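Values in this text are rule-based calculations from the coordinates and carry no lab data. This one's a predicted model, so the numbers in the text were calculated from it and none came from an experiment. Here the Cβ positions follow ideal geometry from the backbone for every residue, glycine too, while neighbour counts run over all protein chains shown.
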Amino acid sequence: MTATSRAPRKDQVRNRRRLLDAARLAFAEQGPDLSIEAIARTAGVGATTFYRHFATKDDLVLQLLEDLAHGAGQVAEEAAAIADDWEAFRAVFTRGCVLDDAGLRLFDALCKTSPQAAERATTLTASLITPVADRARRSGQLRGDVTAEDVAAFMRMADSASTPRQRESAHEVMLAGLRTRAE
C-alpha cells in the first residue's frame, strides 16, 4: 500500500469529525460568519489542523451541507426501492425533510454563505427529489409543470406546520394538488 492510498489515521478522522461537529454547533449558535480560528479553537485543535482537513472555510461549509443532507439521502435511497412511482414520490415528499427546525435553519444559513454553497444545496436537494419526481411525472401521476425546486418548497411549507396533525394534513393537501390521475 502506498502512502497516498493509506487510510487516514484515527486521530485524523477524529479531528475532522471534531471540526465538523464544532462548526455545526458554533454556526447554529453564532451564525456562519465565525472565523476559521474560532472554529478550530471550539474543536480543540489549531488552525493548521483545520487546513489539513479543509483548504477553505467554504470547503467546510460544503461538507456540512453534505452532512446535513445525509438523512434525506437515506430516505431517497429507500424510496428508490419502492416499486410504485407515486408511493416513492410520496415517501420523499413526506419523509425527506429529516432535519429538525434548528437543522433546517442551519442548512438555510449555510446556503447563503457563498455561491458555491447555494449551488451545492440546490444540487443536493435536486438529487433527492428529481429521481422520484421524474418517475411520478413519467407515469402521469405528477403534474408536468412542477419542478424539483417547487417540490422542495412545498415540502418545507408542509414540514413547517406546528403539530404532527397539521403536517400530515398539509402533506395530504399538497400531494393532492400535485397529483394528476393517469388516464
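Odds and ends about this structure:
- Some residue of region 136-150 being under 17 Å from HIS70 (Cα atoms) and touching a residue at least 12 places away in the same chain (Cβ under 8 Å): no
- Scanning region 46-96 for residues that are under 28 Å from GLY31 (Cβ atoms) and in contact with a Ser or Thr (Cβ under 6 Å, 6 or more places away or on another chain) gives ASP58, VAL61.
- Taking first residues from region 9-25 that are without any contact (Cβ under 8 Å) to a residue 40 or more places away in the chain and partners that are hydrophobic (A, V, I, L, M, F, W, C), the Cβ contacts under 7 Å between residues at least 6 apart in sequence or on separate chains come to ASN15/VAL45; ARG18/ALA43; ARG18/VAL45; ALA22/ILE39; ALA22/ALA43.
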